[in-house]
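Right, one structure below, let's go through it.
Nothing in this text is a laboratory measurement; each read-out follows from the coordinates by a stated rule. Note that the coordinates shown come from a computational prediction; the quantities given were computed from them, not determined experimentally. We place every Cβ from the backbone using ideal geometry, glycine too, and count neighbours over all the protein chains shown.
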């Protein structure tokens, strides 16, 4: 039995449903941010992140900062690239536009490599672009939450290392960390940034990053000072190193309750083989995508290799918009999200399938959602005389 | 009976002890950040902030952003002043140095008006400085958490309006909002920034601001784009306006659980006259300061008019350092903080007296802390043979 009040099941691409223990750790009594007990919790949390990212290289450093996932873009844009330098932004939806805007705020030149909605730039296009200019960073949205398009970061990282070895590989993993495989060391990545409220299964409010030694060296040898204060690695790097070494440290007060929740969920996630978790998400995704096809519906991401395993973005039939469908899902106890991509928001809906809704065999969230989707679509079409 | 596990009483200058209901609202089940229920909670929270700041001017706008209090400095420095423009920073401790560093990160020239530890710049010095240059902003730390020095923001704002009417009056209220009087409209302030975890009595993780119409106009007429992405008013202003008008809106996922906690504590605080709350804090402060004097101890803030009402920074006798005293307090179930001011950190301790520890008559936190302080000092002196 859940300790939570009855509520509709939240199946959007984040925030997601919480495990009871995670939620309960939010109501931890007040603690000093420099008390030995909290320092231990925070230090362990950082170390657990290394496990989640499959990184054992001590030169890499995890960060947990009060802020939304968006803040991770600022950390990259204000520390790892300088004014007038070039960034290559791979565009698979809404979030690349925003990352590019962030890079430009701090003076970098962002070149976007765009693909049509539901597609992704080809490996050939990426290779060609990398040969054109000495890009300081390449950014990849691992899963674009607006389209459900998955990028192949392993393969892209290989191309970068072969063609332009000094380019930092930056992965926006906001909608992928915790449900899509990421092998930080093995794939030779430089930054993976994410947020707490998606597949990690923690309430929102934490910006989470893992940064390679190469990225940290790039920061340390930059010519100009960091272009942000709150997002400055100069301010945060010693803090994170100290906490991991169980030494209290202060730059800004950490969000103690959220750190407890993160500690709980990371302990749960890393207590089992990650490969098992990724496989479970892939199986649920396959089942959902088959059900969507059975309903005669198409996904924004058309090619199987482009399809995220933790969310499905579904085109509505001609004549239907999200307000025709979402209230009918809610009536059945299920919450999906409307579209988000600027050019098509009114034409599709998004089904998030992450975390406990997928991994907890005691929950029937996915089955219920598939049934609800079927019924809601039928009802919506009937209401429109289709 | 508290629903919280037994724990030592946290009497540092933030985070502070939580009310049970506030803490319980942290474990609210997962909600979409754009659901009608959450939009209502967030919208009401923003409106409650107007009450807390005693502002009814619709041109002013409250903001609640995922981040620590530090982020508020970035909001000011990257939106309300431009590269090469001048800021006057009144220095009453550690936090002015940091605010100045933040302003400089974004290109402003920060001139600090310093006072010795425990003192504050005189009104004459402030007036003289304002006559020297057309400062775009003046920043005042209402209560410097490192020294417990209180600034007279009402009087300083009067001087600014008389001598340099275009200068924006920016108040760092991180350690004052909720326990020291702030009459935003009446005192004609431009920005008050604060954080959730001090006298507001909410867990840490929220940067909170109220901004005047004049400040917003300054932002809207700036020549250069905002110098930060995550802290950009261009990104946040429409979001806050929408939420307050109960319209869902998205720039970055808000920290839904923390917003619930903030809603709960603001509802509690504003359900009674604020003047009563400030008086209760002042009475507790008087009692604590008298007890400190009885022990023969001196405060960093020597003059009564310089003394904060929500914390007391206490010089230790010659030969004693925080590690001689703090563990002895902890043994008695009370947590104080060590010093923080760079030049004197090892020579003093800080006693925070805010929120429920002061306002809940059912709690004996202050009495217990005074007793514990007496015993701990005696024991520490004996141990040193004093």
What percent antiparallel are the DSSP beta bridges of the range B:1-138, to the nearest 5?
10 percent
How many times 2.2 N^0.38 Å is the alpha carbon radius of gyration of the range B:141-204?
1.14
Which whole number in µm²/s is D for the range B:307-349 by Stokes-Einstein, with the Kirkwood Rh taken over Cα pairs at 4 °C and 1.567 mPa s?
119 µm²/s
State, to one decimal in nm², a quarter of the convex hull surface area for the C-alpha atoms of the range A:89-185, i.e. the direction-averaged projected area.
5.9 nm²
For the range B:3-23 and the range B:279-314, write down the distance between their C-alpha centroids in whole Å.
22 Å
Based on the Cα coordinates of the range A:63-146, what is the per residue volume of their convex hull in Å³?
94 Å³
Share of Cα-Cα pairs in the range A:1-130 lying beyond 19 Å, as whole percent
70 percent
Compare the peptides B:176-183, B:376-383, A:372-379, B:188-195 by average per-residue count of other Cβ atoms within 10 angstrom and give them in order, highest first.
B:188-195, B:176-183, A:372-379, B:376-383
Descending Cα extents along the principal axes, the range A:185-228, whole Å
38, 30, 8
Suppose only helical runs count, i.e. DSSP H with n ≥ 4. What mean residue ellipticity at 222 nm does that imply for the protein assembly as shown under -39500 (n - 2.57) per run, divided by all residues and rounded to the nearest 500 deg cm²/dmol?
-12500 deg cm²/dmol
Rounded to 5, the percent of DSSP beta bridges in the protein assembly as shown classed as antiparallel
55 percent
Take the Cα gyration tensor of the range B:227-269, multiply each eigenvalue by 5, square-root it, and list the three semi-axes largest first, rounded to whole angstrom.
22, 13, 10
Spin-label model distance (nm) - residue B:125 vs residue B:286, 7 Å beyond Cα toward Cβ:
2.9 nm
In percent, how large is the relative contact order of chain A, given Cα pairs closer than 8 Å and 6 or more residues apart?
25 percent
Let me know the shape class of the range A:123-166, please: from the alpha-carbon gyration tensor, a ≥ b ≥ c as square roots of the eigenvalues, rounded when a/c is under 1.5, otherwise prolate if a/b is greater than b/c, or oblate.
prolate
Antiparallel %, DSSP beta bridges [both residues in chain A], to 5:
55 percent
Which order do the peptides A:108-118, B:309-319, A:139-149, A:156-166 come out in when sorted by mean C-beta neighbours inside 10 angstrom, highest first?
A:139-149, B:309-319, A:108-118, A:156-166
May I ask for the distance between the Cα centers of the range B:246-266 and the range A:159-205, given as a whole number of Å?
27 Å
Compute the convex hull volume of the Cα atoms of the range B:169-307, divide it by the residue count, and report the result per residue in Å³ as a whole number.
156 Å³
Work out the mean other chain Cβ neighbour count within 10 Å for the residues of B:102-114 and drop it here as an integer.
2
Rg(Cα)/(2.2 N^0.38 Å) for the range A:13-62, N = residue count:
1.43
Rg over Rh of the range B:267-328, using C-alpha atoms and the Kirkwood radius, what does it come to?
1.10
Once the Cα gyration tensor of the range A:246-372 is found, what semi-axes does its equivalent ellipsoid get, as square roots of 5 times the eigenvalues, in whole Å, sorted largest first?
32, 19, 15
If you count, for every residue in A:2-13, the Cβ atoms of partner chains within 10 Å of its Cβ, what is the mean?
3
Any idea how far apart residue B:318 and residue A:47 come out in nm if each label point goes 7 Å out from Cα toward Cβ?
4.5 nm
Kirkwood-based shape ratio for the range A:198-275, expressed as Rg/Rh from alpha carbons
1.01
Could you state the number of Å between the C-alpha centres of the range A:88-158 and the range A:43-78?
21 Å
How compact is chain B by the rule of thumb for globular proteins, expressed as Cα Rg over 2.2 N^0.38 Å?
0.98
Hydrodynamic radius by Kirkwood for the protein assembly as shown, inverse mean 1/r across distinct Cα pairs, in Å, is 26.9 Å
